[in-house]
Amino acid sequence: MADLSTTFLGIKSPNPFWLASAPPTDREVNVTRAFRAGWGGVVWKTLGAEGPPIVNVNGPRYGAIHGADRRLLGFNNIELITDRPLQLNLQEIKAVKKAWPDRAVVVSLMVPCDEESWKAILKVVEETECDGVELNFGCPHGMSERGMGSAVGQVPEYIEMVARWCKQHTRMPVIVKLTPNITDIRYPARAAKQGGADAVSLINTVSSIVSIDLDRMAPNPTIDGKGSHGGYCGPAVKPIALNMVAEIARDPETRGLPISGIGGVTTWRDAAEFIALGCGTVQVCTAAMTYGFKVVEELKAGLSNWMDGKGYRSIEDFRGLAAPNVTDWRYLNLNYVTKAVIDQDLCIQCGRCHIACEDTSHQAIAATVDGRRMFVVKDEECVGCNLCIEVCPVEGCITMQPLAAGAIDPRTGLRVEPGYANWTTHPNNPMAQVAAE
C-alpha cells in the first residue's frame, strides 16, 4: 500500500491533505473534528493583530455557481479573517498541537504592513508551538481595502520586505500565500524567495462577483440590497491554480521552491495533478465545506489506489514529474499531426460531435454515410483539434490518432516530417532565422 506521509519544510503529516485557512479551520472544535476524520494538517484561519476583533457581516457570506445537476462548481465568499479574539485562537492552537503532535498545524497571519506588527504577532504565535506560519497576501476583499491581503500580494517589493521581516523574527518556517489577482505569478513568487520565504502556497481566491440577483438587482450574496466583490474558489478555479503552480515550478528563478497547492482540489485526481507539478502538500477548503470533513477518506483512498496501480510507493516518487513537460507554445512539436477517429461500436449517434464541428470548427465530421445516419471523420478536413472528444458524452468513443512519419496528410497534401520541429524554426516565422541561430 502506498505511503501517503509527507515532510514539507520539515513539517511531517500522515498525508498531503491539509485544510486551507478558511471557516473550516476557525476553531479548536472544527480542527479536532477534522483530525479525527483523517486530515493530515490544517492552516488555521487567518489571525489578525491584537486589539478590537475584526467585524464580519451578520448575513449571507457566500454565493455559488452550480452545474445542471446542482453540483457546486464555484464558490464565492465575502468573509474576512477570524473575528475571534487573538488570545483565544492562540490558546486553542496550542491545545490542538499538543493533542495532535503528528498533524501539521500552520497558522495563517495578516497584520498591517509594518515590521513591529509582524514581529509582535510572530512572537505570540511561536509560543503555541505550531509548525509554521503562512503569510496571507491573497485575500481580495475587505482586508485588501485596508492595505493588507492582496494589496500586499500584488506588490512584489512588499512581499519581499515582509517575508524578510518574518524570517528575521521567527524560527518557524515561513510560507507566503500568493494572490492570483495579478498578471504574472512569477514576480511575487520570486519576491517571496528573495525575501527568504521557505515556501509559497497558491492560489488564494480570485476577485469576483459570482452572480446578480435579477429581482433585487444586486450582486450575490446580497446584504440589505447591496453586494460586494468577494473571493472565488472551488473546482472552477483549478485550471488557474494549476497554471500558476506550473509557472513557478518551471521558472529558473523559483524552480525547486517548495509549493503547497491550493485551488479546487475536490478529488484524489486533482491532488495528484498538483503533486505532479511539484506541490509537496495540497490544501482543501470548498470540497470540505460542500461534502464535510469525511471527504478526506475518499481523497486518501483514491490517491493511494492510484499510486498502487502506478507502482508509486510514496508521494516523492511522482512529485514534480509533470513540470518538465510544461512548455511555451512556441516549443510544441509542429510535426505531430493527428486525426480524430470515432469508434462506431461505442457511438450512440447523438450527433453532438457533428454539430460542434459543423457549426463552430472545421466541418470535418459527416452526419450520413450512404444515406444513413452515421458519424465519420473526414480526414481531409480534420485539423486534430479534439473539440469532438470534449463534447462527446461517451468516454473513449472518439480518440486522436497520430499520423506516422512519412504519411501524407490528406488535409494539407504534405508529408508528415519525422523528428521534432517548432515555431522558432518554422519558415513562416519572420524571426525563424534569428531563433535558429
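Just so you know, all these numbers are worked out from the coordinates, no wet-lab data involved. Just so we're clear, the structure is a prediction, and the values are computed from it rather than from any experiment. Positions of Cβ are backbone-derived with ideal geometry, glycine not excepted, and every protein chain shown enters the neighbour counts.
Return the FRET efficiency for the residue pair E358, T424: r is the Cβ-Cβ distance, R0 is 25 Å, and the value is rounded to the nearest 0.05.
0.10
Taking a point 7 Å out from the Cα of A99 in the direction of its Cβ, the residues of region 38-68 whose backbone N falls within less than 17 Å of it are 38-45.
Diffusion coefficient of region 329-436 by Stokes-Einstein, Kirkwood radius over Cα pairs, 4 °C, 1.567 mPa s: 85 µm²/s.
Fully extending the segment from D345 to Y62, taken as 0.36 nm per residue of separation minus the present Cα-Cα distance, adds 97.3 nm.
Fully extending the segment from T290 to R71, taken as 0.36 nm per residue of separation minus the present Cα-Cα distance, adds 77.9 nm. Shown here for region 1-96: GluC sites (Glu not before Pro) in loop regions (DSSP other than H, G, I, E, B) with at most 16 other Cβ atoms within 10 Å, namely E50. With contributions of -39500 (n - 2.57) from each DSSP H run of at least four residues, the per-residue ellipticity at 222 nm computed over the chain stands at -8500 deg cm²/dmol.
Largest GNM mean-square fluctuation across T290, T360, T46, computed for the chain with C-alpha springs under 10 Å, falls on T360.
Just so you know, the Cα atoms of region 47-128 work out to an Rg and Dmax of 16.7, 51 Å. Nearest 0.05, what FRET efficiency do Q91 and M1 give at R0 = 41 Å with Cβ-Cβ as r? With R0 = 41 Å, the Cβ-Cβ based efficiency is 0.60. The separation of region 184-243 from region 286-356, counted between C-alpha centres, amounts to 25 Å. Each DSSP beta bridge with both residues in the chain is either parallel or antiparallel, and the antiparallel ones are about 50%.
Extension gain for the segment A120 to Q401, taken as residue separation times 0.36 nm less the Cα-Cα distance, is 95.0 nm to one decimal. Could you work out how far helix 28-37 tilts from the main Cα principal axis of the chain, as a 0 to 90 degree angle to the nearest 10? The helix 28-37 is inclined about 40 degrees to the chain. Region 54-94 and region 360-394 have Cα centres separated by 46 Å.
Please label the shape of region 204-325 as rounded, prolate or oblate, based on the square roots a ≥ b ≥ c of the eigenvalues of the alpha-carbon gyration tensor (a/c under 1.5 means rounded; beyond that, a/b larger than b/c means prolate, else oblate).
oblate
Taking a sphere under 13 Å around the Cβ of N422 and counting the other residues whose Cβ falls inside, with K and R at +1 and D and E at -1, yields a net charge of -1.
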